[in-house]
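The values are calculated or read from the model by the stated rules, or taken from the named source; none is laboratory data. All values reported here derive from a predicted model rather than from experimental measurement. Glycine gets a Cβ as well: all are built from the backbone with ideal geometry, and neighbour counts include every protein chain shown. Just so you know, the surface numbers come from the protein's heavy atoms only, side chains and all, with ligands and any DNA or RNA stripped out. Shrake-Rupley method; radii C 1.70, N 1.55, O 1.52, S 1.80 Å.
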Amino acid sequence: MKNLFILVLVALAIYSCQEHQQKYFAESDETKSLEAGIAAYESGDWQTWRSHFADTAKIYVNSKEPITLDARAEELKAMTGAFSSYGFDKEKDHMEMVIDKNDETWVYYWATHNGSMANGTKLSIPVHLAVQFKDGKITEEHIYFDGTEMNAALSAMQAEATEETEVTEEQ
């Protein structure tokens with residue numbers, strides 16, 4: 001019995017001395033890449049923004065169905081074109097990298113996206129990104145936000161533009 005007890009203690013000592021792989025990171029090459037991609041988005045530098053993605057990246061925007069990188073770039077250009085200024089609140093954002101149980105590398109980002117639309121409407125929308133990296137490139141991105149407020153503001157801007165066009169045509 002004494003030998004069994006000593007054997008268990010030795011096994012526990014060996015196990016506790018083994019290095020365990022770190023799974024959570026506040027900073028990494030991947031978090032820096034995502035930060036650089038966000039900065040490129042905020043400055044409208046679409047070529048730099050695209051450079052952080054693999055050509056075959058799948059992007060999910062509030063959906064189970066992916067869109068291509070080209071389609072997402074066009075959506076972002078159209079959306080940001082309606083804003084006079086936009087960007088994420090860096091004071092209260094949170095980013096972390098996780099290596100999950102399948103050894104996949106994911107970066108999670110939570111922040112508030114603020115913007116002023118061309119017509120003066122101000123928006124503040126919480127956003128969550130879940131971004132998968134392989135070989136230093138984004139291969140999958142999941143974007144979650146409630147677009148109700150933004151869609152209503154865009155519809156109002158479109159209605160204003162239509163009304164102005166009709167008034168101009170009548171004159």
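Looking only at segment 38-62, residues that are charged (D, E, K, R) and not in a helix (DSSP H, G or I) come to 3 in all. Taking Tyr108 as the residue in question, decide whether it is hydroxyl-bearing (Ser, Thr, Tyr), touching an Asp or Glu at 6+ places or on another chain (Cβ under 6 Å) and open to solvent by 50 Å² or more (accessible area, probe 1.4 Å). Yes. Looking at segment 123-144, is at least one residue more than 20 Å from Ala36 (Cα to Cα) and outside any strand (DSSP E or B)? The answer is no, given that none of the residues of segment 123-144 is more than 20 Å from Ala36 (Cα to Cα) and outside any strand (DSSP E or B).
Against the conditions (1) open to solvent by 30 Å² or more (accessible area, probe 1.4 Å); (2) part of a strand (DSSP E or B), Gly115 satisfies every one except (1).
Of all residues in segment 20-37, those that are open to solvent by less than 30 Å² (accessible area, probe 1.4 Å) and outside any helix (DSSP H, G or I) total 1.
Checking segment 38-47 against the condition returns a match, with at least one residue being in contact with a strand residue (DSSP E or B) (Cβ under 7 Å, 6 or more places away or on another chain), open to solvent by 30 Å² or more (accessible area, probe 1.4 Å) and closer than 21 Å to His142 by Cβ. Taking each residue of segment 108-128 that is in contact (Cβ under 8 Å) with a residue 60 or more places away in the chain and looking for partners that are buried (at least 16 other Cβ atoms within 10 Å of the Cβ) with beta-carbon atoms closer than 6 Å, six or more apart or interchain, yields Tyr109/Met95; Tyr109/Leu129.
Quick check on segment 126-156: of everything there that is modelled with pLDDT under 95 and open to solvent by less than 30 Å² (accessible area, probe 1.4 Å), which residue is nearest to the chain's Cα centre (by Cα)? Here the answer is Gly147.
For segment 138-163, the tally of residues that are in contact (Cβ under 8 Å) with a residue 24 or more places away in the chain, over 17 Å from His113 (Cβ atoms) and of a type in the set (A, V, I, L, M) stands at 3. Residue under question is Glu65, and the condition is that it be in a helix (DSSP H, G or I) and either at pLDDT below 95 or open to solvent by 60 Å² or more (accessible area, probe 1.4 Å) (or both); does it hold? No: the conditions fail for Glu65. Quick one: is Glu91 farther than 21 Å from Glu42 by Cβ, of a type outside the set (Val, Ile, Thr) and free of Cβ contacts under 8 Å to residues at least 60 places away in the same chain? No: the conditions fail for Glu91.
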